[in-house]
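In what follows, a single structure is set out as structure tokens and then discussed.
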Ligand SMILES: C[S@@+](CC[C@H](N)C(=O)[O-])C[C@H]1O[C@@H](n2cnc3c(N)ncnc32)[C@H](O)[C@@H]1O
């Protein structure tokens, strides 16, 4: 079972299907994200592409970018459109591939596939098949697709690694992928399960841009290139959505890439996943850098002391350079202080910084002026309290921005 940000897989699937049933059946209702032909135009679709689209399908356009910027589709290709929705991109692809090509449009929401099927019947798009299925389990054989297009769907999928692995499986070697999706600068960390609306409005389920690009590279895609980006949520009619998007740095990007001949070996995949620079970035964006640096400082301080006590019992001598040892601890303590100070940007509270400065001063005093074990310990306790306070303030600010405080008091 997937439990992301407190959501269960079923909760996500139901929320997605409810929302996109509404986009299919009542596209003129107010939505918190841009829908329809006007959005399509503002995202950069050329008029010659949109002119021939059935108005009813164009009304239900809910894409987040213009994936065709990556130019992945060729005449004669077999193309898969994942999360096709009302199928505007599928129809454009069906024109590009021509009579010798084929397009398979897949979507999770029955109302969307119904709408597209009805429109295709009786049209000249005889090379377009519509299937209701999930991106996490594509009903297609291995290496059966020349090109994949997807617009605004991956951010809604609970298990993105599985969806990307499925894309790799169904694409033939050197097959191409064009994708538009929402990415964020900083991930949501609080439990949002009381409000499934937040997932389907495209911000909460989105991935940090670097992590999304890394996911494709790890899975075996090459030449992963960002072709364009949009301040997509600036087009949203909802002020709250615009504020949420701004707070998390949400925007949309268009990406192009190519499937390599072979998936990377497991050790190579793990080497990429365990890259320390990625972990550092992840910890910073989740606001956990202060606590992590503090953990390292504690380990350097008391872990080294424990080693210095234990190793001689095993007959191993430990030569400790006290200046270097104190310098390492001091460096980590100052790094913790700086990471806590960075929280001010998010919550505008000075308290955690003042507390962290007091804790750091006590530790530095014990390290460099007069060693008193109790003062040092006191300093670490105070610094730990400051790191937790900062984290608490960051999370509270997220809850406020996402409107979760309002929804829980209303519920
Ligand atoms: C933002 S809309 C975009 C639709 C379409 N690509 C367009 O440009 O108008 C996302 C679509 O992805 C579909 N979707 C969401 N999760 C999915 C999944 N796990 N598998 C397949 N489709 C999914 C939704 O039903 C919805 O129609």
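Read the figures in this text as sums done on the coordinates, not as results from a lab. All figures in this text were calculated on a predicted structure; none of them were measured in a lab. In this analysis, Cβ positions are derived from the backbone assuming ideal geometry, glycine residues included, and neighbour counts consider all displayed protein chains.
Summary table
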{"read-out": "Relative contact order, percent, the range 102-212 [alpha-carbon distance under 8 Å, six or more residues apart]", "value": "24"}
{"read-out": "Calculated FRET efficiency for the pair residue 318/residue 365, C-beta based, R₀ 25 Å, to 0.05", "value": "0.45"}
{"read-out": "Selected from 154, 266, 235 as most flexible by GNM, with the chain as the system and alpha-carbon contacts under 10 Å", "value": "266"}
{"read-out": "Share antiparallel - DSSP beta bridges, the chain, percent rounded to 5", "value": "45"}
{"read-out": "Förster radius 45 Å - calculated FRET efficiency between residue 142 and residue 50, Cβ distance, rounded to 0.05", "value": "0.85"}
{"read-out": "Estimated [θ] at 222 nm from DSSP helical runs (n ≥ 4, -39500 (n - 2.57)) normalised by residues in the chain, nearest 500", "value": "-14500 deg cm²/dmol"}
{"read-out": "Label point distance in nm, residue 26-residue 344, each placed 7 Å from Cα along Cα→Cβ", "value": "4.8"}
{"read-out": "Separation in nanometres of the label points that stand 7 Å from Cα toward Cβ, at residue 270 and residue 18", "value": "4.2"}
{"read-out": "Reciprocal of mean inverse Cα separation for the range 287-402 (Kirkwood radius, Å)", "value": "14.9"}
{"read-out": "Linear extension gain, residue 100 paired with residue 325, 0.36 nm per residue minus alpha-carbon span", "value": "74.0 nm"}
{"read-out": "Efficiency of FRET from Cβ geometry, residue 262 and residue 42, R₀ 35 Å, rounded to 0.05", "value": "0.30"}
{"read-out": "Whole-number D in µm² s⁻¹ for the range 9-280, Kirkwood Cα-pair radius fed into Stokes-Einstein, 4 °C, 1.567 mPa s", "value": "70"}
{"read-out": "Of 208, 224, 183, the one that fluctuates the most in a GNM where the chain has Cα springs shorter than 10 Å", "value": "224"}
{"read-out": "Rg/Rg_globular for the range 98-151, with Rg_globular taken as 2.2 N^0.38 Å and Rg from C-alpha atoms", "value": "1.17"}
